[in-house]
Amino acid sequence: MRFTKHFTTTTLLLTALVGVGSTVAQEPPAPPSKPAAENDALKMFVGNWTCTGTANLGPGKTAKIKATAKVKNELGGFWQSYVYIEQKTKDYPMAITPWHLGLGTLSKKFVRDEFQSNGDHATGTSTGWSGDTMTWDLELQIPWAR
């Protein structure tokens, strides 16, 4: 009787360990081999651009800006890189430079990381186009607000 009980306990323990071992040994799913179709919504940005506009520098203060942008697909088309350079002027001493944009594989949101020439950083997400507008929720570090 004692032998049977010991044998049964050992058999259950080995069966449980084999089940755990086969679960742990499974390989993770393969990463996507190509960008999601949603990334096609960004193709229109690829190229060289010139921009003019007005920057908001704080309450009641604006400055005219001129900028260039060079946009290209990178990393197998999963991301776009933007080299956006604003001309510095007496009224506008800052320039924002490289940033990256693409579709987050898990979040299914567009994500953006911006690295500014003054050492600051911005990051954000967008759910995509709504008509002809893409709205971003950005977390910004604003140098003049320090």
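The values are calculated or read from the model by the stated rules, or taken from the named source; none is laboratory data. Here the structure is a predicted model, which is why all the values come from computation and not from measurement. Here the Cβ is made from the backbone with ideal geometry for all residues, glycine too, and neighbour counts use every protein chain on show. Calculation scope for accessible area: heavy atoms of the full protein, side chains included, ligands and nucleic acids excluded. Shrake-Rupley method; radii C 1.70, N 1.55, O 1.52, S 1.80 Å.
Return yes or no: is ASN56 open to solvent by 80 Å² or more (accessible area, probe 1.4 Å), touching a Ser or Thr at 6+ places or on another chain (Cβ under 8 Å) and at pLDDT below 85? Steps first, answer last, please.
On the way: open to solvent by 80 Å² or more (accessible area, probe 1.4 Å): yes; touching a Ser or Thr at 6+ places or on another chain (Cβ under 8 Å): yes; at pLDDT below 85: yes.
So ASN56 fits the description; yes.
Which condition does THR4 not pass, out of (1) under 25 Å from GLY102 (Cα atoms); (2) at pLDDT below 80, if it passes all the others?
Failed condition: (1).
From SER81, SER107, grab the single residue that is of a type in the set (S, T, N, Q), touching a residue at least 12 places away in the same chain (Cβ under 8 Å), within 30 Å of SER33 (Cα to Cα) and exposed (fewer than 14 other Cβ atoms within 10 Å of the Cβ).
Working: SER81 fails: exposed (fewer than 14 other Cβ atoms within 10 Å of the Cβ).
Answer to the selection: SER107.
Do you know which residues across the range 103-121 are modelled with pLDDT under 80, in a loop (DSSP other than H, G, I, E, B) and within 16 Å of GLU74 (Cα to Cα)?
Selection gives THR105 alone.
Given (1) surrounded by 12 or more Cβ atoms within 10 Å (Cβ to Cβ); (2) at pLDDT 85 or above; (3) of a type outside the set (Ser, Thr, Tyr); (4) touching a strand residue (DSSP E or B) at 6+ places or on another chain (Cβ under 9 Å), identify the lone condition not met by LEU140.
(2)
Per-residue answers, yes or no, for (1) surrounded by 12 or more Cβ atoms within 10 Å (Cβ to Cβ); (2) part of a strand (DSSP E or B); (3) modelled with pLDDT under 90:
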position	(1), (2), (3)
ASN39	yes, no, yes
MET44	no, no, yes
ALA67	yes, yes, yes
LYS70	yes, yes, no
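Can you tell me which residue is most open to solvent (accessible area, probe 1.4 Å) among those in the range 122-135 that are part of a strand (DSSP E or B) and in contact (Cβ under 8 Å) with a residue 12 or more places away in the chain?
Ranking the qualifying residues of the range 122-135, first place goes to TRP129.
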